[in-house]
1. Just checking the output field for A:231-239: average partner chain Cβ neighbours within 10 Å of each residue's Cβ?
2. For the full complex of protein chains and a 1.4 angstrom probe, list B:Asp72, A:Asp54, A:Asp262 by accessible area with the highest value first.
3. Is there a simple number for the mean count of other chain Cβ atoms within 10 Å of the Cβ of residues in B:260-266, and what is it?
4. Tell me, how many Å apart are the Cα centres for the stretch A:239-273 and for the stretch B:174-223?
5. Ignoring ligands, DNA and RNA, how do B:Lys200, A:Lys142, A:Lys57 rank by accessible area with a 1.4 Å probe, largest first?
6. Roughly how crowded by other chains is peptide A:214-224, in terms of the mean Cβ count from those chains within 10 Å of each of its Cβ atoms?
7. Leaving ligands, DNA and RNA out of it, work out the accessible area of B:Ser55 with a 1.4 Å probe and give it in Å² to the nearest 10.
8. Over 22 Å between Cα atoms, which of B:Lys48/B:Lys94; A:Lys109/B:Lys61; A:Lys190/A:Lys217; A:Lys190/B:Lys142; A:Lys48/A:Lys95 qualify?
Number of protein chains: 2
Amino acid sequence: MAFAHFHGLQSLQLPSQEPARNHTSNNKRYAIEACVKNTDDNIHLESKLNLVLDSVKWDEKGLAVAIAQSVDSGAILMQGFANRDALATTIASKKATFYSRSRSTLWTKGETSLNFINVHDIFLDCDHDSFLTLCRIIYLGKPDGPTCHTGSETCYYTSIFDSLNEPQVEKRQLALTTLYSLESTLSKRKEELSGPQQGKPSWTKRLLLDDKLLCSKIREEADELCRTLEENEDGTRTLSEMADVLYHEMVLLIRRGLNFEDVLEVLRCRFTQSGIEEKNNCKQKLSNDLPSFDEHLLYDFFNLKNVVFV
Amino acid sequence: MAFAHFHGLQSLQLPSQEPARNHTSNNKRYAIEACVKNTDDNIHLESKLNLVLDSVKWDEKGLAVAIAQSVDSGAILMQGFANRDALATTIASKKATFYSRSRSTLWTKGETSLNFINVHDIFLDCDHDSFLTLCRIIYLGKPDGPTCHTGSETCYYTSIFDSLNEPQVEKRQLALTTLYSLESTLSKRKEELSGPQQGKPSWTKRLLLDDKLLCSKIREEADELCRTLEENEDGTRTLSEMADVLYHEMVLLIRRGLNFEDVLEVLRCRFTQSGIEEKNNCKQKLSNDLPSFDEHLLYDFFNLKNVVFV
């Protein structure tokens with residue numbers, strides 16, 4: 001993730017043959033700022049944008065696969081297709097925009113539900129010069145709410161292995177990576193505790209029921225992690241102790257009804273300073289007294305924004 | 001992630017019209033076990049598999065977009081297309097297998113490079129009954145090595161915003177989510193310290209140069225995290241303290257030359273017990289004396305494997 005932003009483009013005339021449908025319908029949410037300082041900058045920017053759009057290898061229908069991924073959790077939110085206009089619109093509006101092949105129009109995810117996907121960066125795959133006919137695009141962004149029209153966080157909740165195991169049971173199990181799979185399991189343990197039957201005993205449940213035990217374990221595991229450095233233990237010991245402390249810290253988050261993804265949002269907001277809109281988005285997650293970790297300036301992006309890193 | 005496995009299928013005759021190319025060429029790596037106990041089970045399993053394959057909405061060419069995602073880091077490794085045979089082969093072999101449209105053959109990622117993607121679960125998207133003509137597939141798995149033929153960890157390292165900013169500079173910046181973007185920045189700080197010029201001062205660099213300071217901060221932040229629970233502070237304080245402790249713990253990992261992804265692999269290996277192959281894969285990451293967090297049995301998968309969760 002570049003933590004880079006391209007506000008200049010937001011006031012550009014899109015190099016588009018077809019107007020994007022509804023993609024500016026919600027002005028308040030789009031909060032498009034007039035950041036470009038003069039016409040020269042504008043022309044220069046537009047020409048760069050055309051160069052980038054020209055470099056994309058569109059298929060014979062002018063399309064490319066576009067995957068939207070959550071910048072914090074890494075979850076694959078959805079997959080669609082983009083054409084040149086959809087990509088240009090996404091770059092300019094920073095809202096994930098696709099081309100609907102069935103309706104033959106652009107559509108911005110969230111234009112109806114208001115669950116936009118706020119794009120932080122866009123990546124292309126490597127096959128610029130190979131025999132393959134498609135380019136692939138990742139929209140790396142933050143969703144305002146559930147991405148799937150069913151209300152599910154993502155569109156991927158049908159596990160083939162589950163279907164093979166129990167075809168008659170319609171289960172909803174999101175495609176979760178390790179950390180979020182662990183978090184989901186910890187949440188289930190908490191739910192079991194609040195039910196009429198508390199289910200099988202588990203270490204997680206013991207921790208959830210005993211704050212004193214949980215806190216003593218976190219302090220103990222943090223100490224053990226430090227000792228692997230202080231006593232120059234083997235790297236595998238460090239990995240193991242880090243796994244221990246992370247697990248216990250995640251139990252504390254669950255105990256308090258919090259999500260790991262929100263911790264990542266705090267981290268992201270803390271080590272980026274990228275304009276009013278971003279700061280406003282982050283305000284709810286950040287206490288005012290929290291500084292960035294340091295003042296190491298990495299980018300001065302078109303002199304429009306400063307991005308501060310750890 | 002289901003942490004579920006389907007070894008029974010590994011000895012099945014694939015319901016395929018076309019043999020998979022080279023997908024059994026490396027017997028040692030595949031380690032296919034004969035787990036099905038009797039012919040009835042086998043027939044039952046094959047019929048279930050056909051039902052699942054029939055439920056997939058293939059496009060007019062019999063294809064669906066297939067995305068390979070890292071089970072630990074969440075990184076999107078690559079995107080290709082799968083047909084019925086490719087999906088059946090992936091289910092059976094647990095190696096991500098695609099259909100090459102240019103060569104009109106199946107290909108298993110890694111058949112040449114040996115950098116297989118070991119599939120843990122497969123997810124389909126939600127549009128089973130919509131007007132859309134495509135089904136989308138996620139292969140959630142663990143790559144043996146770099147996925148991209150360029151040697152890059154994933155195929156997504158070309159940032160559009162970077163290209164717009166500095167079109168003349170060919171940069172390689174992977175599409176990293178928040179945690180891995182932070183990790184990448186911490187690594188850069190460490191690299192700067194080992195160079196002739198140490199670059200601008202930063203808090204991260206101070207920590208990397210002073211083990212005593214780093215360890216005292218980890219203990220302090222872990223304590224502060226606990227106190228948000230003990231003193232019933234607001235949830236935003238917990239998120240903030242968790243962000244603090246996580247950042248400092250990640251600095252310790254970098255200090256020791258370790259990756260956060262390896263911590264997640266330890267966690268995954270620890271809370272799954274899923275057969276000899278999985279255990280062997282995990283051995284290098286796990287010390288022998290590490291127990292699972294508890295013995296809460298969730299699945300008894302076809303009575304072939306037990307999957308143990310926290």
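The values are calculated or read from the model by the stated rules, or taken from the named source; none is laboratory data. A quick note: this is a predicted structure, and the numbers were derived from the prediction, not measured. Quick reminder, even Gly has a Cβ in these numbers, built from the backbone with ideal geometry, and neighbours come from all protein chains shown. Each accessible area value is taken on the protein alone, full model and side chains, heavy atoms only, with ligands, DNA and RNA left out. Shrake-Rupley method; radii C 1.70, N 1.55, O 1.52, S 1.80 Å.
1. Partner Cβ neighbours, averaged per residue: 5.
2. Largest accessible area first, the residues go A:Asp54, A:Asp262, B:Asp72.
3. Average per residue, whole number: 6.
4. Measuring centre to centre over Cα atoms gives 18 Å.
5. Per-residue accessible area, sorted high to low, gives B:Lys200, A:Lys57, A:Lys142.
6. What the average comes to for A:214-224 is 4.
7. For B:Ser55, solvent-accessible area is about 60 Å².
8. A:Lys109/B:Lys61; A:Lys190/B:Lys142
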